[in-house]
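The values are calculated or read from the model by the stated rules, or taken from the named source; none is laboratory data. What you see is a predicted model; the values in this text were computed from it and never measured. Cβ atoms come from the backbone with ideal geometry, glycine included; neighbour counts cover every protein chain shown. Just the protein is used for accessible areas: all its heavy atoms, side chains included, with ligands, DNA and RNA removed. Shrake-Rupley method; radii C 1.70, N 1.55, O 1.52, S 1.80 Å.
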Amino acid sequence: MRSAKIVCTLGPASESPDQIASLADAGMSVARLNASHGSPEHRREMIDRIREADNRVETPIAAMLDMPGPEVRTAPIDEPIELITGSTVEFVVDDDATPERVGLSKSISAAKPGDKVLLDDGRIETTVERVDGETVSAYVESGGKLSSRKGVNVPGVELDLPTITENDEQELDVAAEKEPDFVAASFVRTGQDIYDINRALEDRGVDIPVIAKIERAGAVENLDSIIDAAYGVMVARGDLGVECPLEDVPIIQKRIIRKCHQAGVPVITATEMLDSMMHSRRPTRAEASDVANAVLDGTDAVMLSGETAIGDHPTRVVETMDRIVCDVEASEEYAESREQRVPAAGDTRTDALARSARFLARDIGASAVVAASESGYTALKSAKYRPSIPIVASTPNERVKRRLALSWGIIPVLTEYTTQGADAIIQSAAQAALDTNAAEGGDTVVVLSGMMTELEGLNTANMLKVHVAAETVANGRSVVEGVTTGKVYRTDDGNIEHMPDGAIVCVPSGFEGEFVGDTERIGGIVDSSQGMTSYAAIVARELDIPMIADAKLPDSVGDGSTVTLDAERGVVYEQPVDREGDADRRR
Ligand SMILES: Nc1ncnc2c1ncn2[C@@H]1O[C@H](COP(=O)(O)OP(=O)(O)O)[C@@H](O)[C@H]1O
Ligand SMILES: C=C(OP(=O)(O)O)C(=O)O
């Protein structure tokens with residue numbers, strides 16, 4: 001099981017339902033739609049497709065709508081143009097582009113002679129020579145091919161664009177209508193920008209977590225206030241490497257990851273991670289190391305951009321990333337750095353419980369930390385302390401389930417809402433650990449959960465339990481599938497020493513003992529316990545023999561009667577036999 005998650009940008013190379021499902025099978029947890037490309041109508045359709053894929057595949061897939069923010073882009077064009085090194089180019093607000101006159105989405109006339117204007121994440125470099133009204137003339141220092149709607153950066157120049165542009169308003173409408181799981185905010189400067197976007201979503205009647213993209217120098221300076229305000233953070237290295245000196249990016253990346261981790265805020269490392277795989281079948285060594293190092297540093301997720309949006313083999317890229325991450329996570333180096341990086345105790349009770357759960361689980365050799373988490377808060381806190389075993393988050397809220405797909409180490413599971421109290425919550429959370437194979441029947445798990453009381457808010461965990469995970473026995477349900485026929489052998493005290501080989505052992509309601517004798521000889525089990533944890537279920541799973549749970553055999557079906565256990569039909573019995581002599585056989 002991989003802990004760090006994979007975010008994939010969808011685009012022309014990965015838009016069909018089958019392609020999305022294929023990315024999900026390869027390991028995608030979050031599908032990102034970059035609103036700087038395509039139309040709002042198309043994005044509505046894409047969010048629907050991501051939802052359909054989420055319903056089709058087992059592990060949750062969240063949808064992220066990445067809003068353009070106060071960005072400048074080059075004009076939309078069908079065919080790329082070539083900007084020639086040594087030529088002069090005019091930048092104007094327009095929706096067409098030629099090698100001499102490049103249309104932009106917004107004015108850059110605040111630039112002064114000598115300022116740099118960089119296109120396509122800095123691949124094309126120009127220097128401003130003259131500004132005439134709205135027309136900016138620049139010398140092409142380093143030319144190249146320019147395709148549609150590439151990013152434009154004028155480092156160090158305040159272009160005076162609003163936090164929420166007209167384009168963003170359109171995207172916020174899409175978000176309000178389709179409710180993606182995350183909204184990513186581009187070019188934010190301060191924590192206040194995030195609050196403004198939260199407010200804009202609230203005004204539209206939705207509450208969607210905002211991911212702050214750190215891609216300008218100002219945002220790096222205001223990192224703490226942004227981390228405070230945002231649900232999550234993205235190290236958007238494409239623009240960051242243009243807005244700040246390129247050589248600063250590696251350390252800024254490490255600092256952002258460290259601060260987010262200490263704060264328990266999910267962090268995504270983005271852009272050019274496996275860039276050469278846009279066209280080649282194998283990444284460069286440097287790229288493999290880049291992914292590995294982000295994971296070693298503790299990133300929650302790694303992101304693919306053009307590799308999956310317009311690359312030649314999107315699924316292969318995800319598979320490659322999956323392999324790199326899995327290998328790192330299996331290493332001694334990773335285990336060491338994870339142990340060294342456990343955040344100090346936080347200031348909430350949930351922090352304290354989650355931190356204890358992490359060490360408790362390690363000390364007792366538990367298989368999973370299980371967080372029963374209605375709002376996702378307890379699950380996020382569990383992930384913050386980076387246990388060495390999976391975190392199973394059981395939640396009755398479908399949106400929370402998808403949201404948690406972004407977070408390090410969390411396996412989100414949807415469970416039914418229960419009003420039956422703490423035991424039922426713990427039991428269903430433990431069942432989630434079994435269902436996801438994070439734990440096997442009989443394994444110990446550490447359960448974290450909250451019980452709402454009138455004095456405490458919804459978001460606080462107040463219970464930590466060491467629990468043995470075992471099947472919940474429900475209404476005639478078959479625990480282990482299959483069909484088997486054998487002779488009934490009833491036991492009150494678990495003693496099966498004298499039963500016939502291949503017998504169907506019937507255990508009474510509430511039986512909590514163990515079988516005395518050779519369990520290998522059991523052919524099947526009928527357990528009449530109701531809605532409770534069953535030891536028999538653990539045995540059935542272990543031996544892989546059919547078991548029907550919560551089923552009562554009438555007294556007339558005595559020892560020696562032939563019964564069939566059938567996953568479809570339940571317990572089928574034939575020929576009741578005379579019960580005389582039962583006592584003799586048992587002795
Ligand atoms: N929905 C889309 N439609 C067309 N092309 C896209 C789409 N999403 C991404 N791309 C392409 O993939 C490239 C890399 O993706 P990304 O890093 O998200 O974009 P950018 O660097 O333009 O912000 C983009 O520059 C664009 O060419
Ligand atoms: C992820 C990034 O943002 P965008 O793709 O919107 O340019 C980036 O700049 O690295």
TODO: Run through every distinct alpha carbon pair of segment 88-142 and return the Kirkwood hydrodynamic radius in angstroms, one decimal place.
DONE: 10.9
Task: Among A309, P155, A175 - extreme Cα towards positive end, dipole of the chain, charges at beta-carbon - done: P155
Task: Estimated inter-spin distance, T88 and A344, nm [label 7 Å along Cα→Cβ] - done: 5.9
Task: Amide H within-cut-off set for I124, under 5 Å, with H built and near neighbours excluded - done: L119
Open item on the list: What is the distance in Å between the Cα centroid of segment 137-178 and that of segment 51-70?
Closed with: 23
TODO: Return the sequence-ordered ³J(HN,Hα) values of segment 292-306 in whole Hz as given by the Karplus equation 6.51 cos²θ - 1.76 cosθ + 1.60 applied to θ = phi - 60°, using x for Gly and Pro.
DONE: 4, 5, 4, 5, 4, 6, x, 4, 6, 8, 10, 10, 10, 10, x
Task: Cut-off 13 Å, label 7 Å out along Cα→Cβ of E158, residues of segment 51-93 by amide N - done: none
Open item on the list: Please list, in order along segment 89-96, the HN-Hα scalar couplings obtained from phi with the Karplus expression 6.51 cos²θ - 1.76 cosθ + 1.60 (θ = phi - 60°), rounded to whole Hz, x for Gly and Pro.
Closed with: 10, 9, 9, 9, 7, 6, 10, 9
- [ ] Return the long-range amide H neighbours of V392 (sequence gap of 5 or more, or a different chain), with a cut-off of under 5 Å between placed amide H atoms.
- [x] V369, V370, A371, I411
Open item on the list: Could you derive backbone 3J(HN,Hα) for segment 358-372 from the dihedral phi with the Karplus parameters 6.51, -1.76 and 1.60 (θ = phi - 60°), listing whole Hz in sequence and x where the residue is Gly or Pro?
Closed with: 4, 6, 4, 4, 5, 6, 9, x, 5, 8, 7, 9, 10, 10, 7
Task: Peptides ranked, highest mean first, by Cβ atoms within 10 Å: ranges 93-101, 424-432 - done: 424-432, 93-101
Task: Charge tally in the Cβ shell below 12 Å around A53, where Lys, Arg are +1 and Asp, Glu are -1, A53 excluded - done: -3
Task: Computed magnitude of the charge dipole of the chain (debye, nearest 20; Cβ of K, R +1, Cβ of D, E -1) - done: 940
TODO: Just the number, please: Stokes-Einstein D of the chain in µm²/s, Kirkwood Rh from C-alpha pairs, 4 °C, 1.567 mPa s.
DONE: 49
TODO: Could you work out how far the C-alpha centroid of segment 200-243 sits from that of segment 1-48, in angstrom?
DONE: 21
- [ ] Calculate the spin-label point distance for S142 paired with V516, positioning each point 7 Å from the Cα along the beta-carbon direction, and give it in nanometres.
- [x] 8.2
TODO: Using only the Cα atoms, work out Rg/Rh for segment 250-330, with Rh taken as the Kirkwood radius, to two decimals.
DONE: 0.98
Open item on the list: Under the 0.36 nm per residue contour assumption, what length would be gained going from the current alpha-carbon distance of D555 and T485 to full extension?
Closed with: 23.3 nm
Open item on the list: Treating only the Cα positions of segment 79-179 as identical point scatterers, give the base-10 log of I(q)/I(0) from the Debye formula at each q in 0.16, 0.17, 0.18 Å⁻¹.
Closed with: -0.68, -0.75, -0.82
TODO: Work out the FRET efficiency for E129 and H279 from their Cβ-Cβ distance, taking R0 = 30 Å, and round it to the nearest 0.05.
DONE: 0.30
Task: Apportionment of accessible area to carbon and sulfur, the chain, percent (1.4 Å) - done: 46
TODO: Quickly work out the E52-to-S337 label distance, labels modelled 7 Å from Cα along the C-beta direction, and quote it in nm with one decimal.
DONE: 4.0
Task: Built amide H within the under 5 Å cut-off of L146, gap 5+ - done: I81, E82, L83
Open item on the list: Just the number please: accessible area per residue for segment 16-161, 1.4 Å probe, all protein chains included, in Å².
Closed with: 42
- [ ] In whole angstrom, note down how far apart the Cα centers of segment 360-401 and segment 298-334 are.
- [x] 23
- [ ] Evaluate the Debye formula for segment 1-98 with equal point scatterers sitting on the alpha carbons, no solvent, and hand back log10 of I(q)/I(0) at q = 0.14, 0.25 Å⁻¹, in q order, two decimals.
- [x] -0.65, -1.31
Open item on the list: Using Cα-Cα distances under 8 Å and only pairs 6 or more residues apart, what relative contact order does segment 79-139 have, in percent?
Closed with: 31
- [ ] Measure up K213/K384; K178/K384; K401/K552; K5/K465; K5/K116; K254/K465 against 26 Å on the Cα-Cα distance and list the ones that go over.
- [x] K178/K384; K401/K552; K5/K465; K5/K116; K254/K465
